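Following: one structure in structure tokens, then a few remarks.
Rule-based calculations on the coordinates, nothing more; no lab input. These numbers come from a predicted model, not from an experiment. Note that each Cβ is placed from the backbone with ideal geometry, even for glycine, and that neighbours are counted across all protein chains shown.
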Amino acid sequence: DDSLRLLYLQPGVMQSALLTSDPAYLVCAYARLMMSALAQQAQPSSAWILGQGGGSLSRFLRRIAPDCRIDAVEIDPVVIRLYHALNQHCRDQATRVHQADAGEWLPQQVGAGRQTDLLLIDVYDRH
């Protein structure tokens, strides 16, 4: 089944896409481009994703780096609920999703001395 699940946050603006036959495939070209960061760090042991949305980036990372500790930040509780609904068949228990403002969450992590191998910024502003 090659069905495609799409997440729209407003009319005409697709936020995320999932190919059900291959959930880790990056449907959106910009997401594939973001993963060029892996040229510098092919097997990250940790990743922070600012803007979880539908979970495309975390699903892809889980496939190529199964032991990677992924922390994803999403400000919108509705988007988090949609993420869980969109990913019911490929639930990733290892990705920690934090409901927070990435502009506040990131400085808190850095201020606490935490580090990551990979930082992906995929925030979305509806305005």
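Can you list residues whose amide H is under 5 Å from ALA72's amide H, if they're 5+ apart or on another chain and H is modeled 1.01 Å from N?
ILE49, ARG96, VAL97, HIS98
Given H placed 1.01 Å from N in the peptide plane, which residues other than close sequence neighbours of SER46 have an amide H under 5 Å from its amide H?
ARG69, ASP117, LEU118
Please check: in the Gaussian network model of the chain (C-alpha springs, under 10 Å), which one of GLN43, GLN109, GLN15 has the largest mean-square fluctuation.
For the chain, modelled as a Gaussian network with Cα springs under 10 Å, the answer is GLN109.
Across segment 111-122, in residue order, what do the Karplus-derived ³J(HN,Hα) couplings come to in whole Hz, using 6.51 cos²θ - 1.76 cosθ + 1.60 with θ = phi - 60° and x for Gly and Pro?
Listing the rounded values in order: x, 7, x, 7, 9, 9, 7, 9, 10, 10, 10, 9 Hz.
Hey, what do the phi angles of segment 65-74 turn into as Karplus ³J(HN,Hα) couplings, whole Hz, using 6.51/-1.76/1.60 and θ = phi - 60°, x for Gly and Pro?
Per-residue couplings from phi come out as 9, x, 8, 5, 7, 10, 10, 10, 10, 9 Hz.
Taking the highest mean first, how do the peptides 57-67, 27-37 order by number of other beta carbon atoms within 10 angstrom per residue?
Answer by packing, highest mean first, reads 57-67, 27-37.
Compute the Cα gyration tensor for the chain, then decide on rounded, prolate or oblate, letting a ≥ b ≥ c be the square roots of its eigenvalues: rounded whenever a/c is under 1.5, prolate when a/b is larger than b/c in the other cases, and oblate in all that remain.
Oblate.
Can you tell me, using C-alpha contacts under 8 Å and at least 6 residues apart, the relative contact order of segment 1-76 as a whole percent?
Taking the mean separation of contacting Cα pairs over the length of segment 1-76, I get 27 percent.
For the chain, what is the calculated [θ] at 222 nm in deg cm²/dmol (nearest 500), taking -39500 (n - 2.57) for each run of four or more DSSP H residues and dividing by its residue count?
Dividing the helical sum by the residues of the chain leaves -7500 deg cm²/dmol.
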